[in-house]
Amino acid sequence: MSARADILARLRGAVAGSDRVTRQAAAEARLLAAARGPQPVLPPDGRLRFQQRAVAQACTVDAVAGWASVPAAVASYLETHDLGTVAVATPDLAAIDWASAGLRVACRGAVDADQVGISGCFCAIAETGTLLLLSGPQTPATVSLLPETHVTLVDSRRIVATMEDAFALLRAEHGQLPRAVNFVSGPSRTGDIEQTIVLGAHGPCRVHLILIGETV
């Protein structure tokens, strides 16, 4: 018997007599019962910690009181950086009144020609200043990956302390993972050439965050 056949035979034997539902329930129970490993002691103000870590990751950060202020905040950022008034946004943001701020926003997946992408995020992680984005029909990953500028709308109520908290929230609200889960910690970067950091090598060269709700 070949090594491959031996491995597959042992796997078949291990799952024999149990159906998929039973195995899935056992796996989920084990995940829920698992103790967390050592974690850092974080300051109580998760919003402030998130902002500080995001800035350290080369993001820029703005804060607004509510969703109604988002279009003006995006328009102001684009004007400051001479990025025009045209953008693409994930379809879940179609209800926002972009035109009120003079913006022309198409709510669809991004293509190579799009220069500015606007998305929300599933949650944000205070420990590292990281965004957690989920792919789906209403949240295509191309919007955060293809344009040179990525503007992310972060609901301050969706800032969690650690990566473990983010995964716990994902399991609680979705039950299963979507096709793709993307963690974004600042602009794309590489140090492959002479160990010199270059932004925008494999994705956006600018990431701008707009915190919505309680300001920091």
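The values are calculated or read from the model by the stated rules, or taken from the named source; none is laboratory data. Predicted, not measured: the structure shown is a model, and the values here were computed from it. A quick note on method: Cβ atoms are made from the backbone with ideal geometry, for glycine too, and the neighbour counts reach across all protein chains shown.
Details
- So Arg20, is it more than 30 Å from Glu127 (Cα to Cα), exposed (fewer than 12 other Cβ atoms within 10 Å of the Cβ), free of Cβ contacts under 8 Å to residues at least 24 places away in the same chain and charged (D, E, K, R): yes
- If you go through region 58-85 and keep only what is touching a helix residue (DSSP H, G or I) at 6+ places or on another chain (Cβ under 9 Å) and β-branched (Val, Ile, Thr), you end up with Thr60, Val61, Val64, Val70, Val74, Thr85.
- Residue match in region 76-85 (condition: assigned by TED's automatic domain parsing to the domain that holds Gln176 and at positive phi): yes
- When residues of region 155-174 are limited to those that are touching a residue at least 60 places away in the same chain (Cβ under 8 Å) and in contact with a strand residue (DSSP E or B) (Cβ under 7 Å, 6 or more places away or on another chain), the one nearest to Trp67 (Cα to Cα): Ser156
- Pairs with Cβ under 7 Å, 6+ apart, first in region 128-142 and over 18 Å from Arg158 (Cα atoms) and assigned by TED's automatic domain parsing to the domain that holds Glu164, second among the hydrophobic types (A, V, I, L, M, F, W, C) and assigned to a loop (DSSP other than H, G, I, E, B): Ala141/Ala180; Thr142/Ala110
- The number of residues in region 117-142 that are under 23 Å from Arg53 (Cα atoms) and β-branched (Val, Ile, Thr) comes to 4.
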